[in-house]
Structures are given as structure tokens and as C-alpha cells.
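Student: Take a look at this one; I'll ask things after.
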Amino acid sequence: MTLKRQATAGVFWVGVTTAIKDVFLQLTKYVLAKMLFPADFGLISMAYLAIDFLEMFSDAGFTAAMVYRKGDVRKAADTTFAIGLVIAAVLFSAAFFGAPIVAAFFRTPELTLVLRVLSINIFIFAFGQVHMALLVKNLAFREKMVPDLASVVGNGVVSIAFALMGYGVWSLVIGQIVGTALTTVLAWIVVPWWRPRLRIDRKEAKELLGYGQHIVGSGVLIWLITNLDNTFVGRVLGEEQLGFYGFAYTQANLPATQISRIVGQVLFPAFSKIRDDAQALRGVFFRSMRYVSLASVPVSIGMIAFAKPFILTLYGGKWAQAIVPLQLLGVYGLVRAVAVNLGNMFKAGGKPQWLTYLAFVRMAEMGIFLYPAVRYYGIIGVSVLSAAVSIVDFVISLVLTNQIVHGRLGDYMRAVGFPVALSLVVTLVGLGAYSRMSSGHSLIALLVTAALMVTLYSLLVMLLDPDVRKIVLGLLAQLEQAGRRSLED
């Protein structure tokens, strides 16, 4: 199978996986938000600040180095697995014994036990991380769909079940552990062609570390940047305000964490395979940026415009304090979604150190302004700061990326400008339609407006973008042919 067909198939399977996961996650979040309280979500967010930080060191960047490397990687996979288990044991111990310190920092005593139990995830994840990385390297996203979906479904079902039994925040903890365990078990099942040997090859470890250290270094800085806001909100304002802020942040980042990763997961290994062909690399990069923008920009702009009716109608007045932060963080989510492949380009272009340099710039910006933003303006001030920093970061990232792809201003405008203009037009139409219907049943008005906007946007893209039209018509023709063959058989 050619790289183009592999990448296309990968995008399809990641798209299917992400669509199912997103629907299930939203339904789960909706149910849990109705049953639990903002403080419960704030408490689990505090615990995951520590867990997520430790998990960045879980493989020392070796899995990303495996995806980047060419040729047989079995020896590298064995080395990564063995080192990963050792690191996981160290990190689990750090989380377990350091839990009282984290709880004291947030002035939340009940956090100690939550963090200790949740840290089990670190060790469980270590047994399956190499298997998942091998699936990504081979663009085997159809096989990867099984463990990915099992994690989300298992987590959601278990969390809701325990929430119904009145377990509060513990329903979220237990659900997370079950989800991780399912992913690990199924990862072993769908990768039967590799079984780890507990060996560490020093030469392999040195080569992998040479590449992976930049991934870890930038990851630490990015974690500090993306989680310093949560840390300060939790420390200064408490778990309830962190619950509101975390809710808004998660919703605003849906285009980046869901839609854009449909393409982003596939393009790092795809970029890596063609990194020596400058013209092909440039073409794939700008096409991917355009398709990512077409998918993510309307979601972000629509979310900003409809934040108030969305939250009040679906989640109720107890989540009203998340409305303004959601609108402000929508800008952050929009920029992050469009920029999702810039980091992939750094890695595929052999410049992972740029991620580290860029992270230092972000860190400096957040370090200077974060405390006064939280102290004097609360979660709204933090939301404004996050949006501003994301814009500065995006501009710098584009300048660096262009040293690899050597594009022109027109290339970027065609990739991003068209989706932005079209999304603004459709959103204005949607606001007008909603204002006429909202006097009746608000939920029905919101659903009808959403359906109208999706339909109108899809039709306009088909009409005005010949590349998308060609792809869609080609897919329809293939489906028609497949249908005819099935009838003949």
C-alpha cells in the first residue's frame, strides 16, 4: 500500500475512532455533570496535574523516537519496554509517597488518597505504551481503534455506574483505572506480532534518548505552560473554581483534542516517511492544515458564539460561571487546533529541539502574567491570558515551520483564511436563526440551529472548495461501486 493510501486510510480510521469517542465522551460528561458537582471535577483535576506531569517521563521520549526511526525497531521496542517499566515503578512511588505534599499544596486533604489510588494508572499504562506506539508507526489505526474505544467506553460506563451508587469523585477515579487497564490488555491482543523481551540495548537506548530527550524536555515545559493555569486556579481559588475552569478548558479544546488529532495522529509518521522530499512534505503540510482548519475552525467559532445557551441548556445554571471562560478559551482552542501539525513538522523535520525553545518562550509569558491574572481577575483573567499566549505562540511557530516547508503567505491564507471566513458567515446565520426560535423550547432550538449550521457549512464547502468536492465525490463513487458489487454477489 502506498504512503498516500496508508495516510488516507489512517485518517479515516482515526476519524471514525475520534467521532465515536467524542460522542461517547460528551454523553458521559453530560451525565456525570448532572450527577456530580464542580468540586468533584476540580478534585480529580488536581490529582491529574500530578499524574500527567509524571507520565511525561514514562518512556523518556523513546516511543516518539521509535515512530521517527526507519527500519526494524524490534530491539528498540524491547529497550523502550524494559526502561518504561523501571521508570513506571519510580514514578508510581513518587506519586504515592508525594501525595501528601501535593494535597498540602492545594490545601485539600482528601486529595492524598485520590492521588495515591489514581497513580496505579502510571504502572498499568507502562505495559501497553510500546504496543500503541508500534501501531502508530505502522499507521495501523484500524487495529488501534479497538483499545482506544475500549478505554473511553469502559471509563464512561464504570464512572456512571459508580456515580449512580453515590461514590462521587471516586466514580471518576475508578473509571479512569478501568479504562487504562482495558487499553493495555487490548493493545497486547491487537499487536500479536511483537512480544517484549526484557532487555536493554545500550546503543539503542543512547540513540533513542538522543532524539527523545527533546520530546521530554519540550513536554515538561508544555505541561508547565498548559497546567500552570490549573495549578494556580486550584491553589488560589480552590477546587470549585478549578472545576468551572477545567470544564470550560475541556470544551474549548475539543477541536484540538478531538477533530484535529484525527489528522495529527497520522501525519507525524507520514511526515517522517517523506521528510527527505521537500516538495512532497510541503504539499502534504498545507493540505493537512487546510483540512484541519475546515474541520476545526467552525466548531471553535460556533462554540464561542453559542457558549451561553450551550451551557445553560445542557448543563444547567450550576455551571454558569464557565460561560465567559469558555468563550475566551475558545480562541485558545481555535489557535491550538489550527497549529496542531506545526509540532509534528518540527519532529518530522528533525528539529524536535525547536519544541523546547518554543516552550521556554511560552513559559516566560505565563510565568510573568499568570499570578496577577488569577489573583485579581480570577478564571476570566486566566482565560484571557491563555488566549493571548496562544496567539503569540502560533505566530512564532509559523515562522519556525516555514524554515522547513518554505511556504508563502498566500499558502497559509488559503489554508486557514477560507475556513475562518466561511465559519463566520455560517455562525452569523446560525445566531439569527436561533434568536427567532429560542423563545420556544431552548433545547430544540439549539439542536435545530446546530443542524442548520452543519448543513449550510457542508454545502458551502462542497460548492466552493473543488478539492473537498473531488474527495467527497470520489468516496461516494467508491461506496456506490462497493454497493453494486455486494448486490451482484
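Student: Identify, please: which residue in region 57-103 is outside any helix (DSSP H, G or I) and closer than 13 Å to PHE123 by Cα and is, among those, modelled with the highest pLDDT?
Tutor: PHE57
Student: Just to verify a result, which residue in region 252-311, among those that are polar (S, T, N, Q) and modelled with pLDDT under 80, is surrounded by the fewest Cβ atoms within 10 Å (Cβ to Cβ)?
Tutor: GLN279
Student: Something else about it: Could you say which residue among GLY154, GLY98, GLY179 is among the small types (Gly, Ala, Ser) and surrounded by fewer than 20 Cβ atoms within 10 Å (Cβ to Cβ)?
Tutor: None of the others qualify; the one that does is GLY98.
Student: Kindly indicate whether LYS206 is outside the structural domain of ARG142 (by TED's automatic domain parsing), of a type outside the set (Gly, Ala, Ser) and either at positive phi or modelled with pLDDT of 70 or more (or both).
Tutor: yes
Student: Which of the residues belonging to region 429-466 are within 29 Å of the chain's Cα centre (by Cα), surrounded by fewer than 12 Cβ atoms within 10 Å (Cβ to Cβ) and free of Cβ contacts under 8 Å to residues at least 12 places away in the same chain?
Tutor: ALA451, THR455, LEU459
Student: Among the numbered conditions (1) in contact (Cβ under 8 Å) with a residue 60 or more places away in the chain; (2) of a type outside the set (Phe, Trp, Tyr); (3) surrounded by fewer than 20 Cβ atoms within 10 Å (Cβ to Cβ), tell me where SER93 comes up short.
Tutor: For SER93, the failing item is (1).
Student: Looking at region 133-152, can you tell me whether even one residue there is touching a Pro at 6+ places or on another chain (Cβ under 7 Å), at pLDDT below 80, not assigned by TED's automatic domain parsing to the domain that holds PHE346 and not in a helix (DSSP H, G or I)?
Tutor: yes
Student: Ok, one more. Which of the residues spanning region 385-420 are among the β-branched types (Val, Ile, Thr), surrounded by 16 or more Cβ atoms within 10 Å (Cβ to Cβ) and closer than 18 Å to VAL292 by Cβ?
Tutor: Scanning region 385-420 gives THR401, ILE404, VAL405, VAL416, VAL420.
Student: Name the residue that is surrounded by the fewest Cβ atoms within 10 Å (Cβ to Cβ), counting only residues in region 105-128 that are of a type in the set (Phe, Trp, Tyr) and in a helix (DSSP H, G or I).
Tutor: Looking at residues that are of a type in the set (Phe, Trp, Tyr) and in a helix (DSSP H, G or I), I get PHE105.
Student: Restricting the first residue to region 15-43 and requiring it to be part of a helix (DSSP H, G or I), which pairs with a second residue that is among the charged types (D, E, K, R) and surrounded by 15 or more Cβ atoms within 10 Å (Cβ to Cβ) meet a Cβ separation below 6 Å and a spacing of at least six or different chains?
Tutor: Going by the 6 Å Cβ cut-off, the qualifying pairs are THR17/ASP148; PRO38/GLU240; ALA39/GLU239; ALA39/GLU240; GLY42/GLU239; GLY42/GLU240; LEU43/GLU239.
Student: Quick one: would you say ARG197 is modelled with pLDDT under 90 and either surrounded by 18 or more Cβ atoms within 10 Å (Cβ to Cβ) or on the phi < 0 side of the Ramachandran plot (or both)?
Tutor: Yes.
Student: Still on this model: Residues to consider are ALA322, ALA295; find the one that is in the same structural domain as VAL454 (by TED's automatic domain parsing), over 30 Å from ARG408 (Cβ atoms) and assigned to a helix (DSSP H, G or I).
Tutor: Result: ALA322 is the single residue among ALA322, ALA295 that is in the same structural domain as VAL454 (by TED's automatic domain parsing), over 30 Å from ARG408 (Cβ atoms) and assigned to a helix (DSSP H, G or I).
The values are calculated or read from the model by the stated rules, or taken from the named source; none is laboratory data. Small disclaimer: the values here were computed from a predicted structure and weren't measured. When we count neighbours, we look across all protein chains shown, and the Cβ atoms used for this are built from the backbone with ideal geometry, even at glycine.
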